[in-house]
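*Asks:* One structure, pasted below without further comment.
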Amino acid sequence: MKLLGRSAVLGLIVVAAGWYLTRPQPLSPDVFNGITADSENGAIIFAAAGCASCHNADDQPPELLSGGRRFASPFGTFIAPNISSDPTHGVGNWPDVALASAIMVGVGRDGEHLFPAFPYTSYNKADVQDVADLIAYLRTLPASDQPSQPHEVGFPFNLRVTLGPWKALFEGDDWALQDAATPEIARGRYLVEALGHCTECHTSRNALGGVDRSRWLAGAENPSGDGRIPNITPAALTWSASEISEYLKSGFTPEFDTAGGEMAAVVRNTSKLTDGDRDAIAAYLKAIPAIANETP
């Protein structure tokens with residue numbers, strides 16, 4: 001009995017330690033000390049990060065971030081929240097550091113873990129200045145009084161306490177392409193791996209929903225069950241760098257097809273970047289390891 005009691009106490013200590021180590025940890029309140037936000041650059045970050053692609057409803061102007069877009073997954077359906085400047089239903093009353101904590105470490109205003117359907121596992125590599133600029137730009141956008149809808153996620157995936165251990169396993173902030181041979185490739189890496197979060201769609205995931213880094217950007221099943229998201233490593237994407245850059249600007253492929261589906265929204269965003277940034281993305285995509293398509 002004594003041994004059983006000691007085992008129970010030890011088990012409780014382990015659980016408590018695990019909870020403490022994986023508890024939600026927002027950013028430090030002084031994260032923006034010494035930083036002056038630039039909303040004009042924030043507009044570029046907004047486009048690069050694809051904020052409107054998720055938080056804008058189909059029938060609304062792209063600047064109205066009223067939420068409501070649905071994202072099916074094996075774990076349930078996640079519904080993008082209202083992140084407009086509305087003080088009640090949006091994030092208008094959120095302090096800047098609270099917004100930055102949501103964006104960069106996946107911690108909500110009330111100190112809760114956020115579901116990784118929001119791509120903070122990519123945004124955690126964003127520059128703090130860029131995040132400050134993005135928040136400044138978000139403050140300039142119109143308000144929507146559309147209430148956010150609850151996610152449709154069942155037990156046990158709705159238990160946010162489980163997200164702490166998930167983050168410990170999968171929330172790394174290292175670069176997938178460790179060595180960027182040129183400043184242009186380094187810029188492309190930042191745009192693709194951090195702001196653009198391309199891997200969130202173009203990389204397959206394991207049973208727990210973590211990205212399979214061994215198949216970086218090599219394609220994935222569509223979470224909605226409708227087809228497959230393509231491989232964009234050099235093994236499958238054989239376009240030249242200039243053709244990739246042009247596609248990101250105009251949406252036209254070398255065969256004069258046009259971007260469709262979710263990529264149409266991506267191109268609407270990348271078309272707002274500079275030619276230099278689109279060229280940098282193309283250079284990065286040509287520099288990453290070629291990974292063959294998975295065999296059926």
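*Asks:* Relative contact order, percent, of region 119-225 when contacts are C-alpha pairs under 8 Å separated by at least 6 residues?
*Replies:* Once divided by the residue count of region 119-225, the mean separation gives 29 percent.
*Asks:* Could you work out the relative contact order of the chain, using alpha carbon pairs under 8 angstrom and six or more residues apart, expressed as a whole percent?
*Replies:* Contact order relative to length: 18 percent.
*Asks:* Starting from the Cα-Cα distance between residue 57 and residue 40, subtract it from 0.36 nm times their residue separation and give me the gain in nm to one decimal.
*Replies:* Length gained, residue 57 through residue 40: 3.7 nm.
*Asks:* Quote to one decimal, in nm, the extra length available between residue 208 and residue 182 on full extension: 0.36 nm per residue of separation minus the C-alpha distance between them.
*Replies:* 5.9 nm
*Asks:* Just grab the label-to-label distance for residue 268 and residue 139, each label 7 Å out from Cα along the Cβ direction, in nm (one decimal).
*Replies:* Result: 2.7 nm between the two label points.
*Asks:* Can you find, among 108, 51, 131, the residue sitting farthest towards the positive end of the charge dipole of region 29-170, where Lys and Arg contribute +1 and Asp and Glu -1 at Cβ?
*Replies:* Farthest towards the positive end: 108.
*Asks:* Using the Cα atoms as the points, what is the convex hull volume per residue of the chain in Å³?
*Replies:* 168 Å³
*Asks:* Ok, one more. Simple spin-label model, 7 Å along Cα-to-Cβ: residue 69 to residue 148 in nm?
*Replies:* 1.6 nm
*Asks:* Pairs on different chains or at least eight residues apart, Cα atoms closer than 26 Å: how many lysine pairs in the chain fit?
*Replies:* Step by step, the pairs that qualify in the chain add up to 7.
*Asks:* Could you provide, to the nearest whole Å², the per residue accessible area of the chain with probe 1.4 Å?
*Replies:* Solvent-accessible surface per residue comes out at 53 Å².
*Asks:* Could you pull out every residue, at least 5 positions away or on a different chain, whose amide H is within less than 5 Å of the one on residue 92? Hs are placed 1.01 Å off N in the peptide plane, and Pro or chain starts have none.
*Replies:* Under 5 Å from the amide H of residue 92: 86.
*Asks:* For region 183-287, what does the relative contact order come out to in percent, with C-alpha contacts under 8 Å and a separation of six or more?
*Replies:* Relative CO of region 183-287 lands at 32 percent.
*Asks:* Please give the FRET efficiency for residue 294 paired with residue 112, using the beta carbon to beta carbon distance and R0 = 22 Å, rounded to the nearest 0.05.
*Replies:* The formula returns an efficiency of 0.05 here.
*Asks:* Packing-wise, with mean Cβ within 10 Å as the measure, how do 135-143, 250-258 rank, highest first?
*Replies:* Descending packing order for the listed peptides: 135-143, 250-258.
*Asks:* What size of dipole, in debye to the nearest 20, comes out for the chain about its Cα centre when the only charges are +1 on Lys and Arg C-beta atoms and -1 on Asp and Glu C-beta atoms?
*Replies:* 1160 debye
*Asks:* Out of 277, 127, 58, any idea which swings most in a Gaussian network model of the chain, alpha carbons joined below 10 Å?
*Replies:* Maximum fluctuation in the GNM of the chain, among the listed residues, is at 58.
The values are calculated or read from the model by the stated rules, or taken from the named source; none is laboratory data. Bear in mind the structure is a predicted one, so any value in this text is a computation, not a measurement. Here Cβ is always computed from backbone atoms with ideal geometry, including for glycine, and neighbour counts include all displayed protein chains. We work out accessible area using only protein heavy atoms, side chains counted, and drop any ligands, DNA or RNA first. Shrake-Rupley method; radii C 1.70, N 1.55, O 1.52, S 1.80 Å.
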